[in-house]
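Data block below; observations after.
The values are calculated or read from the model by the stated rules, or taken from the named source; none is laboratory data. From a predicted model like this one, the values you see are computed outputs, not experimental measurements. Cβ placement follows ideal geometry from the backbone for every residue including glycine, while neighbour counts extend to all protein chains displayed. All accessible areas refer to the heavy atoms of the entire protein, side chains included, with ligands and DNA or RNA removed. Shrake-Rupley method; radii C 1.70, N 1.55, O 1.52, S 1.80 Å.
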Amino acid sequence: MNSNSEFEFLRKSFGVLQRIASIEFDQAKSKWSTLQYAERAFESVHIGRSRTNENKRRKRSKSEHGRSKYRRKNLSTSDLLVYSVSSGGEVVEAIKCAVAEAQCSLTQIREGKHPNFRDCYGFYRIDDDIDFTFEDIPDSLRKTIKNCEKEKQRFIDKKLHKANEFEKDWEFFMESWNNNLMEDRDLKKQVRKGITPIYRQKIWTYCINKRVGLKRNKNKDYYRNLLKRNEGRSNPNIKQIELDLLRSLPNNSKFQTFMSDSVIKLRNVLVAFSWHCEQIGYCQGLNRIAAIALLVLPEEDAFWCLVAIVEHILPKDYYTNVLLGAQTDQKVLRDFIMKLVPKVYNKLEEKRVDLSLFTLSWFLAVFVENLPVETYFRIWDSFLLEGDKILFRFAIAIFKKIEEDICKLNENPEIHAFMRIIQRSLYDHHTLADIAFKLGPFSKKSLANKRELYLEETKKELEEWKKRESRNKTIE
Amino acid sequence: MAAGPYNYSYIFKYIIIGDMGVGKSCLLHQFTEKKFMADCPHTIGVEFGTRIIEVAGQKIKLQIWDTAGQERFRAVTRSYYRGAAGALMVYDITRRTTYNHLSSWLTDARNLTNPNTVIFLIGNKSDLDAQRDVTYDEAKQFAEENGLMFLECSAKTGENVEDAFLDTAKKIYKNIQDGSLDLNAAESGVQHKPSNGPRGANLGGESSGNKDPCSC
């Protein structure tokens, strides 16, 4: 390559890098990509050079000098270009590699699959709400949704700013906790602030063992034996489990292929559970719960987490053949909404929108895939410690938070569309938690009473369906 | 709050039913967003989609209820059939079991909707012809025997997806035109929207079942 065509090639290459920086991203992302890519291209140039040059030491020091110069002066990509050209012909290959890599990353980023856009649990950081259609939403409420989006950015900034403080607070707490200086009451108060990812495994394990520890200790190899003992036995649930493995957390990098470690573990946990509790076997929703547990806990703990939730925290028959428990809780929630958020209740009654259209999935999957990731992790923290009341607290809090907005809606389809969009925009879990925990005391007894009452009603309805069905069959 | 005049004159409610994993949500996504969603989460309960289409010069808004396919969710999703003007019944051409279950889905669709509900049979995943487990002819015959409209589609390539949704709407519209679908009947699944008049409200599976005359 003569120097002219080389120059032309480099110019084009940096053009690609610049386009990546300027076109594809908002400000924050583009900052990251400009720096990363320019720097990587820059490094490649020098690695390429030092390989071809015998005097490595001299070159390396030059390379370091170059990088610090770049950093100090914050050189633009065109400066880099000039620098690269002046540094000799062997840079072309290195630049080619950097550009190929950059283009590959660009594709990944476009598809939301770039490793640098994952959070600590492997969730892609790309906004999953890009393709929402706003057709159904009245103008006045688009503003609400946009505000929620803005809130998200502010929230993230604020969080980054306060992350240290939050972690220090937890560190301080854990010190006392480890020395047995804290009571459960203190833990509850602390957990209601949300758990820092650093201590999440520890606290979750504590919560789970509090519920299933006795069971576990009686038979330490229970989980392994469950899998071993039943290996090769036919299981009617396996087909359904297989169908859902990759549909559990589609937005998480750890659950993308059948070969991935997490997916193999997820299969194990779900199959083991279907043997453990044959009455339930497998029900959609359990997969999401198990997947979240696996993001925080080792495989065996994740299994016990599922057991703790299904058999100890939630009432009986939540996931059994007609979802009796879960259906009942939708009526219980409706009762709470009627008393605590009457405006929403009246609106939904007036427009004849059934609350459970949105909330059933909240309860069956403990909000996973319904709310933004950090919001449902916050709910999970308290849910594992305090139990099923937390589901109601947050479900009510959500409706309280959007009360005024729902009241502006006039049409049945508008309400459906708004609910679908707004729940994915509830990033501000602090406000939500504030509302949820300020609802006043939630007595176990009143919840139990309500459940008893509505369980009967649900049973009656199901009976009627059955009667109707058998009537239809005889007609046929 | 005053709303402007509607830019459509009818709302049709659709439901999508069928076994789990046949691609109900992917069909909906292909129809509303015109693209294939490879990593589509499964549905718990119900999801919604809408799109405005045009039939015979009339703008029609389709409100589509996409239901969960797992057997035990039928106890919940049954209540969503009410007031559907169209039902898309989906099976997977590569899995015979999903085809074998059609008669049970059809029974639900017949029993839980009104007699004029248009039922459209969709054999999804037509792009996977090499793995085909159900022939076109037998499905066609099943459809004819039961008076269903039928197409094989692919949510992945988009083949025939548009047609399935649109043909259903055309048939419903035709039923309105020739009077066989009474808009004033409860739960017809159709809402007429005069461009600046008051609103009818016989849409939605939640209605109590009382007669609820449309305001048109």
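What the table below lists for this structure:
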item	result
Total residues in the range A:231-256, condition more than 18 Å from the chain's Cα centre (by Cα) and either within 11 Å of another protein chain (Cβ to nearest Cβ) or open to solvent by less than 50 Å² (accessible area, probe 1.4 Å) (or both)	8
The range B:77-93: number of residues that are at the interface with chain A (Cβ under 10 Å from one of its Cβ atoms) and open to solvent by 10 Å² or more (accessible area, probe 1.4 Å)	2
Residue in the range A:429-452 that is in contact (Cβ under 8 Å) with a residue 12 or more places away in the chain, open to solvent by less than 40 Å² (accessible area, probe 1.4 Å) and within 14 Å of chain B (Cβ to nearest Cβ) present	no
Sole exception among (1) under 17 Å from the mean Cα position of the chain (by Cα); (2) in a loop (DSSP other than H, G, I, E, B); (3) not polar (S, T, N, Q) for residue A:409, by number	(1)
Filter pass, residue B:88 being assigned to a helix (DSSP H, G or I) and modelled with pLDDT of 95 or more	no
Flag if residue B:138 is part of a helix (DSSP H, G or I) and modelled with pLDDT of 95 or more	yes
Tally, over the range A:367-386, of residues that are hydrophobic (A, V, I, L, M, F, W, C), assigned to a helix (DSSP H, G or I) and either within 14 Å of chain B (Cβ to nearest Cβ) or open to solvent by less than 20 Å² (accessible area, probe 1.4 Å) (or both)	6
Unique residue being touching a Phe, Trp or Tyr at 6+ places or on another chain (Cβ under 8 Å), on the phi < 0 side of the Ramachandran plot and within 14 Å of another protein chain (Cβ to nearest Cβ) when the list is B:102, B:112, B:148	B:112
Number of positions in the range B:33-44 that are at pLDDT 90 or above and in contact with a Leu (Cβ under 9 Å, 6 or more places away or on another chain)	2
All positions within the range A:464-476 that are within 12 Å of chain B (Cβ to nearest Cβ) and either part of a helix (DSSP H, G or I) or open to solvent by less than 80 Å² (accessible area, probe 1.4 Å) (or both)	A:464, A:465, A:466, A:468, A:469, A:470, A:471, A:472, A:473, A:475
Hits in the range B:30-41 - residues which are out of contact with any Cys (no Cβ under 8 Å at 6 or more places or on another chain) and open to solvent by 10 Å² or more (accessible area, probe 1.4 Å)	B:30, B:32, B:33, B:34, B:35, B:38, B:39, B:41
Flag if residue B:52 is within 10 Å of chain A (Cβ to nearest Cβ), in a strand (DSSP E or B) and of a type in the set (A, V, I, L, M)	yes
Which numbered condition residue A:389 misses (of (1) in contact (Cβ under 8 Å) with a residue 60 or more places away in the chain; (2) open to solvent by 20 Å² or more (accessible area, probe 1.4 Å))	(1)
Residues satisfying the stated conditions in the range A:220-272, i.e. part of a loop (DSSP other than H, G, I, E, B) and among the hydroxyl-bearing types (Ser, Thr, Tyr)	A:234, A:248, A:257, A:260
Members of the range B:94-109 that are among the β-branched types (Val, Ile, Thr), surrounded by fewer than 24 Cβ atoms within 10 Å (Cβ to Cβ) and under 18 Å from the mean Cα position of the chain (by Cα)	B:107
Residue match in the range A:407-418 (condition: free of Cβ contacts under 8 Å to residues at least 24 places away in the same chain and open to solvent by 20 Å² or more (accessible area, probe 1.4 Å))	no
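For (1) surrounded by 21 or more Cβ atoms within 10 Å (Cβ to Cβ); (2) free of Cβ contacts under 8 Å to residues at least 60 places away in the same chain, each residue gets a yes or a no:
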position	(1), (2)
A:306	yes, yes
A:312	no, no
A:319	yes, yes
A:326	yes, yes
A:351	no, no
A:365	yes, no
